[in-house]
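What follows is one structure encoded as structure tokens, with my remarks underneath.
We did not get these values from a lab; they are worked out from the coordinates using the rules stated. This one's a predicted model, so the numbers in the text were calculated from it and none came from an experiment. We place every Cβ from the backbone using ideal geometry, glycine too, and count neighbours over all the protein chains shown.
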Amino acid sequence: MRRKTIAIASLGVVSALALAGCAGGAGADDPDNTIDGEVQGEVTFVTWRTDLVQDGTFEAYAEQFTEMYPDASVTFEGITDYEGEMRTRLSTESYGDVLGIPNSVQPDQFADYFEPLGQTDDLEGTYRFLAPKSFDGVQYGLALGGNANGLVYNTAVFEEAGVTEVPKTEEEFLAALQAIEENTDAIPMYTNYKDGWPLSQWTSNIGAPSGDADAMNAMTTEDAPWTEGTDIYAIDSLIFDAVAGGYTEDDPLTTNWEQSKVDFATGKIGVMGLGSWAISQLQAAAEDNGESADVVGYMTFPATASDGTQYAMVGGDYNLGINVNSDVKAAAKAWIDFLLEESGFTETQGMVSALTTDPLPSNLGGLEEEGVELLELSPAPAGEESLVNDIADGAQIDLYGNIYRQKLVDIARGAADGDKESYFEELNTAWADSRAQVG
Amino acid sequence: MSFTAAAPDAPAAPGPAIVPISPRPPRPSRRRDRRPAGPRSILNRLTPYLFIAAAVGLLLLLTYLPAANMLWYSLTDWDGIDKEQNFIGLQNYLEVFTNPRVFGVFFVSIYYFIGAFVQMAIALYFAALLSTRTRFSNFFRGVLFFPYLINGVAIGFVFLYLFQPGGTLDTVLGWFGVADTPQWLGDPDVANFSLAGTSVWRYTGMNFVLFLGAMQSIPRELYEAAEIDGANDWQQFWALTFPGIRRIIGLSFILAVAGSLSVFEIPFIMTGGANGTSTFVIQTLQTAFTFRQVGLASAMAIVLLAIVLIVTWVQRRVFPDEKVDLT
């Protein structure tokens, strides 16, 4: 009796497996399984936006998508620690059908993991932000949307402090911070040191102080990038001076990102260095706390290029790529196209659309009023796509991280040995050593 | 077995009293004779190994295979995702030993090492106190062991709030008139003490339970005899309790050294290694995942393993594991 049950059960399992194998349909190596093929099958979208999975925003998009393509459907997998978890998952073949290309994948590794989406030259007319995920002229990812970079500021706090003009230089900015310190109870500038990643947001301003789209590429040719006159110097010394001047929170080790949104909205914080993606979250925080959404102002990095213009850098958010092992490449491509073109995602999120024909989002209107020009970093020269990262990693300077900048803050507040000059000297030495090894 | 089959053996037994005994002696020999080299007996002989195989298999799969993999990574320049792993020999190890940044963080371990002694002293004190008949002793045992049961991440968050400026700790100290408190985590001179203190709070219960268990295995009669001889509490502790638990103290010491070299979760959750609180494991993690140098990080991990093994070995040499003899 028992043996019979087991036999039936195992028969069931085997047939279920066999059926599942059939249902998979075209294998990854099937010649028909290309991004131009027939749109059918179930697409798994691995996403970093867990909030949009939970509140059903994506689910609504998926329903619209299935209406357009009755044979295709989309399921979602939201991952909180997206970078960390995806790095491990990439060693398997199952990392979804559509996913945001993790930053840890270097350009020369794109072809191992992602399906080519076309020649970059052909796509250039249609899409913004192509450069970072292009290798050898082939495009591997399309940005879901983009952000401008700069600083959010509380207009009410600025007004109370008597700062009427948005600061356009470092001196004006520090003067504004001092005015906030003297005239209000607010913390002039909040670093979000403990959470760390907000400190990395500053790096995206490279290019803005000089108005030079090649500023990032130029770092690979310099042995001492932390020298007066460069963009990274301007950015890091602004942070240093603000902390050293006592314009930041007293105990940076106990900051809290979620709380900082509320504190900002309720006028306890003057300025935070964040990408424009933060605007909608801060506006929501303001409204939740009984303030007007108008308190959230956005400015570019406080510097004016030598040509007298102010620039703000715009760059892509995560790029969507297609798993090279996917069984449903055509449906995956259709889903990317749908998200970018039909869904209205960037508009509802207040992001810059990846489509060149779409207008800029309204929350960047402040920048336009100030006469700020938007600028996109130019791509790295062919063959040097990974060079900046390789040099930075070899020097153990996390250019897009928080470790070296936390030390900068520590030195500026007197918690670690050294001063601005000695630390920049240290960074330059490490950079030069690594450049000699890598380059 | 029917009665008839058993009958031929039975006549040897004269009385009913011996009946149950007499069939026994022949049994082993009979079994040996009847054991043919069939598949069943091979299975019988293999049974213990099959039981072990599951455990050993899992151990190999989940511990030794990854360790061997790591040993291989430590000889390559792998970045964690590249499909190619280039063999570069001992270069990573050279880097580990020549880069002052890598070994500098071991100074942070000293805080936790000192903390471990404080922790053992506290645990020993309470174990000695609660091993005797004390009022509510079970309740206090529970209280002391409880922190060890809490998840390390939760402890990190709890203490993060405790240490905040104007947080719980400052408030409590304020009741006693201490107003001028430092920034418990923000002040680099204090931060490591705060973290080591958190670690002590968490692991004291573990030491306490080990000590208590050892103390309770010491025969009561010895204490009674000592009491009759007129030994006071101190003399009893030094002459009986301490030697009785010396092995456990030795074990705790090894755990303390290994633990203080490989501190991770408390500083990682509470400060992320910022403000001079980075430990060797945090540094290894950053090397592997922030700077994409998995090869170098693997070498660091292997070096840490080697250091822990060497320290343990030296310790066993210096303090050999003496037989405890209480008589």
| task | Using a cut-off of 11 Å between beta-carbons, work out the net charge of the residues near A:Ser378 (Lys and Arg +1, Asp and Glu -1, A:Ser378 not included). | result | -3
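Could you quote the convex hull projected area for region A:284-395, Cα atoms only and averaged over all directions, in nm²?
12.0
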| remark: Phi-derived 3J(HN,Hα) across region B:258-265 with the Karplus relation (6.51, -1.76, 1.60, θ = phi - 60°), rounded Hz, x for Gly and Pro, is 4, x, 6, 7, 10, 4, 9, 5
| query | What angle do you read, to the nearest 10 degrees and between 0 and 90, between the alpha-carbon axis of helix A:57-68 and the longest principal axis of chain A? | reply | 40
| note | Amide H neighbours of A:Asp136 at under 5 Å, excluding residues fewer than 5 places away on the same chain, with H built from the backbone geometry, are A:Gly383
| task | Taking H placed 1.01 Å from N in the peptide plane, check which residues at least 5 places from A:Leu374 or on another chain put their amide H under 5 Å from its amide H. | result | A:Ala312
| Under the rule of -39500 (n - 2.57) per DSSP H run of 4 or more residues, summed and divided by the residues of the protein assembly as shown, what mean residue ellipticity at 222 nm is obtained, to the nearest 500 deg cm²/dmol? | -15000 deg cm²/dmol
| note | With N residues in chain B, Rg(alpha-carbon) / (2.2 N^0.38 Å) equals 1.49
| Spin-label model distance (nm) - A:Thr80 vs B:Phe51, 7 Å beyond Cα toward Cβ | 4.1
| message | Output the 0 to 90 degree angle, nearest 10, between the alpha-carbon long axis of helix A:420-438 and the longest principal axis computed from the alpha carbons of chain A. | response | 40
| note | Rounded to the nearest whole number, the Stokes-Einstein translational diffusion coefficient of chain A at 10 °C and 1.306 mPa s (Kirkwood radius, C-alpha pairs) in µm²/s is 67
| said: If I fit a long axis through the Cα atoms of helix B:39-59 and take the longest principal axis of the Cα atoms of chain B, what angle between them do I get, 0 to 90°, rounded to 10? | reply: 10
| task | Quick one: what are the phi-derived ³J(HN,Hα) couplings along region A:146-155, Karplus 6.51/-1.76/1.60 with θ = phi - 60°, whole Hz, x for glycine and proline? | result | x, 10, 8, 10, x, 10, 8, 9, 8, 5
| In debye to the nearest 20, how big a dipole does chain B give about its Cα centre with +1 on each Lys and Arg Cβ and -1 on each Asp and Glu Cβ? | 1980
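Loop by DSSP (not H, G, I, E, B), at most 16 other beta-carbon atoms within 10 Å: where is the longest site-free stretch of chain B for GluC sites (Glu not before Pro)?
Numbers: sites that count: B:Glu84, B:Glu322.
Longest run free of exposed loop sites: B:85-321.
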| Cα-centred dipole magnitude for region A:242-378, charges only on beta-carbon of K, R (+1) and D, E (-1), debye, nearest 20 | 340
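Relative contact order, percent, of region A:312-399 when contacts are C-alpha pairs under 8 Å separated by at least 6 residues?
31
Starting from the Kirkwood radius over alpha-carbon pairs of region A:38-197, derive D by Stokes-Einstein at 25 °C in a medium of 0.890 mPa s and give it in µm² s⁻¹.
Using the Kirkwood radius from Cα pairs, D works out to 125 µm²/s.
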| remark: Amide H neighbours of A:Gly41 at under 5 Å, excluding residues fewer than 5 places away on the same chain, with H built from the backbone geometry, are A:Ala72, A:Ser73
| field | chain B: relative contact order in percent, alpha carbon pairs under 8 Å with at least 6 residues between | value | 25
| Roughly how many Å is it from the Cα centre of region A:337-356 to that of region A:195-267, as a whole number? | 28
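When Cβ neighbours within 10 Å are restricted to other protein chains, what is their mean count per residue of peptide B:176-188?
Across B:176-188, the average partner-chain Cβ count within 10 Å equals 3.
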| message | Taking just the alpha-carbon atoms of region B:152-301, what radius of gyration and Dmax come out, in angstrom? | response | 21.3, 68
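For region B:46-174, what Kirkwood radius comes out of the mean inverse Cα-Cα distance, in Å? Write down the numbers at each step before the final one.
Values: mean 1/r = 0.0478 Å⁻¹.
By the Kirkwood definition, the hydrodynamic radius is 20.9 Å.
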| message | Give me the dipole magnitude in Debye, nearest 20, for the protein assembly as shown about the Cα centre, with unit charges on the beta carbon: positive for Lys and Arg, negative for Asp and Glu. | response | 7900
| task | Please give the net charge around B:Gly152, taking every other residue with its beta carbon less than 11 angstrom from that of B:Gly152, where Lys and Arg add +1 and Asp and Glu add -1. | result | 0
| query | Semi-axes of the equivalent ellipsoid of the protein assembly as shown: what are they in whole Å, largest first, if each equals the square root of 5 times a C-alpha gyration tensor eigenvalue? | reply | 58, 41, 26
| said: So if I average 1/r over every pair of distinct C-alpha atoms in region A:147-233 and take the inverse, what Kirkwood radius in Å does that give? | reply: 14.9
| query | How large is ³J(HN,Hα) for each residue in region A:275-286, as worked out from phi by the Karplus curve 6.51 cos²θ - 1.76 cosθ + 1.60 (θ = phi - 60°), to whole Hz, x for Gly and Pro? | reply | x, 5, 4, 6, 4, 5, 5, 6, 4, 4, 5, 5
| Taking the mean number of other Cβ atoms within 10 Å as a proxy for protection, how do you rank A:115-125, B:49-59 from highest to lowest? | A:115-125, B:49-59
| task | Within a 10 angstrom radius of each residue's Cβ in B:286-294, how many Cβ atoms of other chains show up on average? Whole number is fine. | result | 5
